[in-house]
Structure formats: C-alpha cells, structure tokens
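Read the structure below first, then the notes.
The values are calculated or read from the model by the stated rules, or taken from the named source; none is laboratory data. Here the structure is a predicted model, which means the values were calculated and not measured. So basically every Cβ, Gly included, is an ideal-geometry build from the backbone, and we count neighbours across all protein chains shown.
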Amino acid sequence: MSQQILEMVEKTSLKSEVPEFAIGDTVDVHTKILEGDKERIQIFTGVVIARSGSGSREMFCVRTDRGQ
C-alpha cells in the first residue's frame with residue numbers, strides 16, 4: 001500500500017522526457033546556486049562514473065576534470 005502511494009507521489013515530480021545516458025557518457029550538469037537572495041545556474045561538464053536507484057530517487061556520480 002505505501003509503495004503505491006510513493007509511486008503516485010513520484011509521478012507528479014518526474015519529467016515526461018528524461019534524456020538517456022549511461023556510465024562513460026560525458027554530460028553537462030546544471031546546478032542551482034543560491035548566494036544570499038540571488039540565484040544562478042552553474043554548469044559543469046564531466047563523465048558519468050556511477051548510477052544507482054530509480055525514479056525520482058535515482059542518483060548519478062560525475063567526475064570532472066578541473067585542470068582544464
């Protein structure tokens with residue numbers, strides 16, 4: 001029962017079209033940065049090194065090359 005409720009709630013927060021990507025792909029990650037009462041989007045590029053979870057609880061790990 002609680003699993004069904006959780007799935008219903010997740011459906012409202014998921015995007016209808018999510019781009020597919022896999023481990024080893026290079027991705028651009030957009031991160032919202034809050035500085036006081038200002039807000040901006042910081043974009044960085046990296047290689048996906050791990051994925052876990054599913055649905056709205058899915059996570060991925062990106063390795064960046066800060067030397068460039």
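General remarks:
- All positions within the range 30-62 that are over 30 Å from GLN3 (Cα atoms), surrounded by 10 or more Cβ atoms within 10 Å (Cβ to Cβ) and of a type outside the set (S, T, N, Q): PHE44, GLY46, VAL47
- Hey, GLY67 at pLDDT below 95 and in contact with a strand residue (DSSP E or B) (Cβ under 6 Å, 6 or more places away or on another chain) or not: no
- Flag if SER13 is touching a residue at least 24 places away in the same chain (Cβ under 8 Å) and surrounded by fewer than 10 Cβ atoms within 10 Å (Cβ to Cβ): yes
- Some residue of the range 31-46 being closer than 24 Å to LYS11 by Cα, part of a strand (DSSP E or B) and of a type outside the set (Lys, Arg): yes
- The set of residues in the range 16-30 that are in contact (Cβ under 8 Å) with a residue 24 or more places away in the chain and not in a strand (DSSP E or B) comprises PHE21, ALA22, ILE23, GLY24.
- Qualifying positions in the range 1-30 - among the aliphatic types (A, V, I, L, M) and farther than 30 Å from VAL47 by Cα: MET1, ILE5, LEU6, MET8, VAL9
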